[in-house]
Amino acid sequence: MGCIQSVNERPDASKVVPLNTLVTSQPLQTTPLLHENILSAIGNTPIVRLTRLAPPDVKVYVKIESLNPGGSVKDRIVTAMLDDAERRGVLKPGMTVIESTSGNTGVALAMACASKGYPFVAVMSTGNSIERRRIMKFLGARIVLTPKHLGSSGRTRFAEKLAEKHGWWIAGQFENPANPQAHRDTTGPEILRAFEGERLDYFVSGFGSGGTLTGVSSVLKKGRPGVHVIAAEPEHCPMLSQGKAGPHDIPGWTPDFIPPILDTTCYEDVIGVSDLAAKETSRALAQKEGILCGPSAGATVWAALEVAKKAEKGSVILAMIPDSCERYLSTGLFADITIDTDIEYTEDL
């Protein structure tokens, strides 16, 4: 019984290991714990190394943007676009905000508009997942649905018509320069700080509006001139590599046009990813790394792992995790996840 410590016995303070030595050899970073509103909590997302999926002689890291308060990387651009519009006087109290969105930008705008007091209307396709529509409505947004066959361009044109007709302010993520600027101001510098004194050889990102790819790459090219930027795109919608649009099943990725804000000179290579590879890698990240993410993250990491296979020993790769998997429960990502095989409680267990 001598090995069991009494509940009333105080531990020897000299033997207590400080928490920061258990987690990292570096001192714990001081980040704000008190925020004036939900929007000030955006950013400073963690960068995590993949320990089971990556080759042993190459380091692959992921920046987990799903840990933003709105659940995705789009939180960053939404606050930047709203703040910019307010500064320029084109968005004023009482005005309605509208945007064409496949989901994540809409959720971020619904959150931000709720915080700032603006009514918000999201124009979405009937093909977008129901979870994101419900989250937006839960945040107080109104949803307008367009037929799936109209694609991203048709959905965006309809949002523009509604904005003009009603005098609403449209965020215009595909052409708004505040979008990539948000990543120049936040995401890019965060990456540079994280890898200060460390090697960084490749940055891998997919694209929807093109803001992340354009903004982050411009910062890395200046701060780390040797970094190779890799753009990932759907195999069946090779807009960057071939200029061809096509249907694909990677939500949030690659519209049927090249967004005006996308700098097509910011990347060195393009890797095509299949719908199946995106889903399988998303599942692998969950079950082998404990990282919950959506199909676009799976696709981005698949591309990063392809880079890792050919990279020289000791290379360091960073990939983006745009969002989590909870917004895809009704999609093919969870098609074979059922509850009919769950084991019910019995006394014999």
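Points to keep in mind about this one:
- Test result for residue 115, of a type in the set (Ser, Thr, Tyr), within 23 Å of residue 262 (Cβ to Cβ) and outside the structural domain of residue 221 (by TED's automatic domain parsing): no
- Selection over segment 160-199 of residues that are closer than 27 Å to residue 90 by Cβ and among the aliphatic types (A, V, I, L, M) gives a count of 6.
- Residue that is surrounded by the fewest Cβ atoms within 10 Å (Cβ to Cβ) [pool: residues in segment 303-339 that are free of Cβ contacts under 8 Å to residues at least 60 places away in the same chain and part of a helix (DSSP H, G or I)]: 310
- Boolean, residue 272 is at pLDDT 95 or above, farther than 26 Å from residue 68 by Cβ and surrounded by fewer than 24 Cβ atoms within 10 Å (Cβ to Cβ): yes
- Matching option when the condition is touching a strand residue (DSSP E or B) at 6+ places or on another chain (Cβ under 8 Å) and of a type in the set (Gly, Ala, Ser), among 319, 277: 319
- Being more than 26 Å from residue 137 (Cβ to Cβ), in contact with a helix residue (DSSP H, G or I) (Cβ under 8 Å, 6 or more places away or on another chain), buried (at least 23 other Cβ atoms within 10 Å of the Cβ) and among the charged types (D, E, K, R) is a condition met by at least one residue of segment 61-73.
- Residue that is surrounded by the most Cβ atoms within 10 Å (Cβ to Cβ), among those in segment 74-106 that are more than 17 Å from residue 128 (Cα to Cα) and among the acidic types (Asp, Glu): 75
- Cβ-Cβ distances below 9 Å connect the following pairs, each with a first residue in segment 280-302 that is within 13 Å of residue 327 (Cβ to Cβ), a second residue that is among the acidic types (Asp, Glu) and assigned to a helix (DSSP H, G or I), and a separation of six or more residues or different chains: 292/326; 294/326; 295/275; 297/65.
- Where residue 237 falls short, out of the listed (1) crowded, with 19+ Cβ neighbours inside 10 Å; (2) touching a residue at least 24 places away in the same chain (Cβ under 8 Å); (3) over 19 Å from residue 202 (Cα atoms): (2)
- Within the span defined as segment 190-209, every residue fails to be over 23 Å from residue 246 (Cα atoms), touching a residue at least 40 places away in the same chain (Cβ under 8 Å), in the same structural domain as residue 99 (by TED's automatic domain parsing) and surrounded by 16 or more Cβ atoms within 10 Å (Cβ to Cβ).
- If you go through segment 133-189 and pick out every residue that is of a type outside the set (Phe, Trp, Tyr) and surrounded by fewer than 19 Cβ atoms within 10 Å (Cβ to Cβ), you end up with 27.
- Going through (1) under 23 Å from the mean Cα position of the chain (by Cα); (2) without any contact (Cβ under 8 Å) to a residue 60 or more places away in the chain; (3) buried (at least 18 other Cβ atoms within 10 Å of the Cβ) one by one, residue 109 falls short only on (2).
- Strands (runs of 3 or more DSSP E) enclosed by segment 183-300 - at least 1 residues per element that are of a type in the set (D, E, K, R): 228-234, 269-273
The values are calculated or read from the model by the stated rules, or taken from the named source; none is laboratory data. Keep in mind that what you see is a predicted model, and the values were worked out from it rather than measured. Note: ideal-geometry Cβ built from the backbone for every residue, glycine included; neighbour counts use all protein chains shown.
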